[in-house]
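The values are calculated or read from the model by the stated rules, or taken from the named source; none is laboratory data. Keep in mind the model is a prediction, meaning the values are calculated, not measured. Ideal geometry is used to build each Cβ from the backbone, glycine not excepted, and the neighbour counts take in all protein chains shown. Calculation scope for accessible area: heavy atoms of the full protein, side chains included, ligands and nucleic acids excluded. Shrake-Rupley method; radii C 1.70, N 1.55, O 1.52, S 1.80 Å.
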Amino acid sequence: MENLAVNGKGHLTFNKIDTVLLARDFGTPLYVMDELTMRKECRDFKESIAKYYGGHGITAYASKAFCCVQMCRLIAEEGLGLDVSSIGEIHTALRAGCNPRKIYFHGNFKTDEEFAYALDNKVGRIEVDNLDELERLNVVACEKNVTADIMLRVKPGVDAHTHSFIKTGKNDSKFGFIIENGEALETVKKALEYENISLKTINCHIGSQIFDTEPFVHTAGIMLDFLAQIKAELGYEVPELNLGGGFGIKYVDGQEPMDVGECIESVSLRVKAKCAELGLAQPYIILEPGRKIVGDKGLTLYTVGCVKEIPDGDPKVIVDGGMTDNPRYALYQAEYEAIVANKADKPKDTIVSLCGRTCESGDMLGEKMPLQSAEAGDILAVLATGAYNYSMSSNYNRMMKPAVVFVNRNRATVVVKRETLDDLIRNDVV
Ligand code: LLP
């Protein structure tokens, strides 16, 4: 992670702000995100598309990674588009003032209510994931006497090497239509026949936390072959190609994600070469990074509740959060680095299990983690929690969701308030 340092008191600082003071001022657990590096990452994507693909494309931030009004506002200010996957994310984006035309609405089951909401609010692209959706969307658009601009989700049949729960490009995935067996082409044919449907984009997403450029380049080739097949057999040139997200980040030592600029350069070269070879106009490109924009731009601060010695086992460091604010170890055995923020100048001389506080043995943030000797009352930082933490948090055990703070130089601003006891019973009928 960038912008981490240790100050004269031996405290961990993030963007020059003492994290121990952040914990004192805002309470724990606390999500802290660095606004400056998030903005820089947005610009890097934008500039790479400009440099290597002549600006004929857009980066649409995948808001499922971290979504709140202020985040959507930041994205709009940076000129990016937004990938959303529910009416809730659309609502948040609209509330933030995002341009609906730059919203890309994904998901493998969208309700009629969601279709209607997206059409009423002039959402730019609505993804069609299955035949049922194609038919239902056409009906809803017909009732409203409008045309739905769609993206058609396909499975390029690519096996990206990542955790099986987050890989999505293979033919047995639950998302989209198979190219290989003609299913996708058949659906394009149908889509072109529907009165109230306009096919703008073919899209895919091969998986998440991918470290290599190669699967992206390979996928681009497959997708362009498919666009050429559509042109040859149906006489229609699809103007846009959406290659999804999946750019990996470093969580722990030993992980080496590719450079995004180089990846976009390689993909652009392949797209241009393929288009020349196949006689296609270069499509407008859409990229949808989520994790890469926010993941290593955030950390979570906890207070250590106690340290339990275990016979023949690693000590258990128990914190005031856990799987309710970060379910990723429980779900994917995702690895993280932790630091005792008030002892950041000390060596990591213990190996611990980091445990959450809910009534689940599986409520852990990691095992075999090197850590400074910890004791009750210490402030503990878990790094690179900016993506898929807050957005996947829950109220299990009626835990209150933490606040989210953006830091920008010397300023810390609450962008999501900490939940209160009253929030927990807000929808309960009492
Ligand atoms: N586009 C589509 C259509 C997607 O389904 C996703 C993520 C993205 C873009 C953004 O992918 P990213 O750049 O963030 O890798 N909860 C899991 C990750 C699930 C990703 C789902 N789709 C995790 O915590 O690792």
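From the backbone phi of the stretch 26-43, what are the Karplus-calculated ³J(HN,Hα) couplings (6.51 cos²θ - 1.76 cosθ + 1.60, θ = phi - 60°) in whole Hz, Gly and Pro given as x?
Each residue's phi maps through the Karplus curve to give 10, x, 10, x, 9, 8, 10, 10, 8, 4, 5, 6, 5, 5, 5, 4, 4, 5 Hz.
Which distance in nm do the two modelled labels at residue 332 and residue 142 give, with both placed 7 Å along the Cα-to-Cβ direction?
4.0
Build a GNM of the chain with springs between Cα atoms under 10 Å: which of 180, 233, 367 gets the top mean-square fluctuation?
For the chain, modelled as a Gaussian network with Cα springs under 10 Å, the answer is 233.
Expressed as a whole percentage, what fraction of the accessible surface of the stretch 282-399 belongs to carbon and sulfur atoms when a 1.4 Å probe is rolled over the protein heavy atoms?
Ligands and nucleic acids excluded, carbon and sulfur give 50 percent.
Per the helix-only calculation at 222 nm, which mean residue ellipticity applies to the chain, given -39500 (n - 2.57) for every DSSP H run of n ≥ 4 and division by its residues, nearest 500 deg cm²/dmol?
Counting only the DSSP helices, I get -9500 deg cm²/dmol.
I'd like the carbon and sulfur percentage of the solvent accessible area for the stretch 12-61, probe radius 1.4 Å, heavy atoms only, ligands and nucleic acids excluded.
Details: 1000 of 1910 Å².
Of the solvent-accessible surface of the stretch 12-61, carbon and sulfur hold 52 percent.
Taking square-rooted eigenvalues a ≥ b ≥ c of the alpha carbon gyration tensor, is the chain rounded, prolate or oblate, where a/c under 1.5 means rounded and, failing that, a/b exceeding b/c means prolate?
prolate
For the stretch 1-142, what is the percent of antiparallel DSSP beta bridges, rounded to the nearest 5?
Values: 5 of 13 bridges.
Around 40 percent antiparallel, to the nearest 5.
Under 5 Å between amide H atoms, partner at least 5 residues away or on a different chain: which partners does residue 197 have, H built in plane at 1.01 Å?
148
Probe of 1.4 angstrom, ligands and nucleic acids ignored: what's the accessible area per residue over the chain, in square angstrom? Each step should come with its number before you reach the end.
On the way: 18270 Å² over 430 residues.
Value for the chain: 42 Å² per residue.
Rolling a 1.4 angstrom probe over the protein chains, ignoring ligands and nucleic acids, what is the accessible area of residue 153 in square angstrom, nearest 10?
Number for this one is 20 Å².
Starting from the Cα of residue 56, move 7 Å in the Cα-to-Cβ direction to define the label point; list residues of the stretch 78-110 whose amide nitrogen is under 20 Å from there.
Within reach of a label on residue 56, which here means backbone N under 20 Å from a point 7 Å along Cα→Cβ, the stretch 78-110 contributes 81.
Using the beta-carbon distance between residue 346 and residue 258 and R0 = 25 Å, what value does 1/(1 + (r/R0)^6) give for FRET efficiency, to the nearest 0.05?
Working: r = 34 Å, r/R0 = 1.35.
Once rounded, the FRET efficiency stands at 0.15.
In the stretch 96-229, what percent of the accessible surface is made up of carbon and sulfur (1.4 Å probe, ligands and nucleic acids excluded)?
The value for the stretch 96-229 is 48 percent carbon and sulfur by accessible area.
Taking amide H positions as placed 1.01 Å from N in the peptide plane, with prolines and chain starts having none, which residues 5 or more places from residue 155, or on another chain, fall under 5 Å of its amide H?
Excluding prolines and chain starts, which carry no amide H, the hits are 177, 178, 179.
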